[in-house]
Every structure is written in structure tokens, then in C-alpha cells.
């Protein structure tokens, strides 16, 4: 894949992101569905690597770039990840004084809700690829409820799910 095109696709995803994983639907559409340079499994792996290592959630674009084009793709992902940080300074200067206006607040809320809907929409195919049996489904459902109903840190949920999966590997299922 052309590195400049990869950079543009990754920067498009990061520019449309308001938090770590909200760029996932854009990235999945461009790299998995349209161009076919990644599979859902590779995109799942990129997200999993980012979630199990320290740093921002949006760092998965570097892993996605790596899966798409090796080390040069990872460099393109890193550049795409830092580009919005350089663009936000003049944007904040321009919009900062206008952020308290009701119309601006409403627009920000609408964009946030739209991004949440896109994240849910892109999660379904990724979940279909990752959840391959009843045990994985049970772990996913239990993890969801633990995250929603308790104030546990994510690391404890990940460790608990890993422990259950490891213990189940010894059972004759």
C-alpha cells in the first residue's frame, strides 16, 4: 500500500476522533472494508495491543499502520496520530472563546453521540471475529457487566478474563 495514502487514511481517522477508539469505524471502513489491507483479526490485534500497553487508546493507529505496511506503516501511523495535536493549537485559539455558546455545545454533543453510535456499529463485526465460542461469549458478557456495574480498573477485568481463559484451557471442554 502507498505510504502517503495510508497516512492520509490514518490521519482522516484520527482527525475524526474525539477519544481513543472513536476513529475505529473510519479506520475499519477504509482499511478493512474498502481497501482490504487489514482483516478484522488484525484490527482486533491492533486494538488489543494498545489496550494492554501503557499509553493513549488512540495509539492503535500505529499498530494498524504496522499491520498494513510494516515499519514504514507504523511510522505513517505515528505521524497520523500526532498530526491533530499540531492542528489543535490554532483551532483552540479560534474556537476557545466560542465554546460556551449553546449552539457550539449542542454541536459538540451531537458529534459525540454520533461517534458513539459509529463505535458501536463497528464493534459488532470485530466482536463476531473475536468471539468464537461460548466461553469467549461468556467472558465478553461478564466483562461488559463488570465494567458497567462496578468501578473496577480495566486492567483487573483483563487479568480476570485472561485467568478464566487460561483456567478453561485445562478443562476438557
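The values are calculated or read from the model by the stated rules, or taken from the named source; none is laboratory data. What you are looking at is a predicted structure, and each value in this text was computed from that prediction instead of being measured. With ideal geometry, Cβ positions are generated from the backbone for all residues, glycine too; neighbour counts draw on all protein chains shown.
For (1) touching a residue at least 40 places away in the same chain (Cβ under 8 Å); (2) more than 10 Å from the chain's Cα centre (by Cα), each residue gets a yes or a no:
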| residue | (1), (2) |
| --- | --- |
| 21 | yes, no |
| 41 | yes, yes |
| 53 | no, yes |
| 60 | yes, no |
| 68 | yes, yes |
| 71 | no, yes |
| 78 | no, yes |
Task: Residue in region 123-137 that is exposed (fewer than 11 other Cβ atoms within 10 Å of the Cβ), part of a helix (DSSP H, G or I) and under 22 Å from the mean Cα position of the chain (by Cα) present - done: yes
TODO: List the number of the failed condition for residue 49; all other conditions in (1) surrounded by fewer than 21 Cβ atoms within 10 Å (Cβ to Cβ); (2) under 14 Å from residue 118 (Cβ atoms); (3) within 11 Å of the chain's Cα centre (by Cα); (4) without any contact (Cβ under 8 Å) to a residue 60 or more places away in the chain hold.
DONE: (2)
Task: Selected residue (criterion: surrounded by the fewest Cβ atoms within 10 Å (Cβ to Cβ)) from residues of region 138-149 that are closer than 20 Å to residue 52 by Cα and more than 18 Å from the chain's Cα centre (by Cα) - done: 148
Open item on the list: Out of everything in region 1-17 that is closer than 12 Å to residue 68 by Cα and not in a helix (DSSP H, G or I), what residue ends up being modelled with the lowest pLDDT?
Closed with: 1
- [ ] Could you pull out the residue among 170, 144 that is farther than 26 Å from residue 32 by Cβ and either assigned to a helix (DSSP H, G or I) or outside the structural domain of residue 34 (by TED's automatic domain parsing) (or both)?
- [x] 170
Task: Residues located in region 55-74, provided they are surrounded by fewer than 17 Cβ atoms within 10 Å (Cβ to Cβ) and part of a helix (DSSP H, G or I) - done: 57, 70, 71, 72
Task: Every residue from region 90-120 that is assigned to a helix (DSSP H, G or I), more than 15 Å from residue 17 (Cβ to Cβ) and in contact with a helix residue (DSSP H, G or I) (Cβ under 8 Å, 6 or more places away or on another chain) - done: 95, 98, 104
- [ ] Only residues that are closer than 26 Å to residue 54 by Cβ and more than 22 Å from the chain's Cα centre (by Cα): list them for region 150-172, please.
- [x] 150, 163, 164, 165, 166
TODO: Working only within region 152-173, note down all residues that are in contact (Cβ under 8 Å) with a residue 12 or more places away in the chain and more than 13 Å from residue 142 (Cβ to Cβ).
DONE: 154, 173
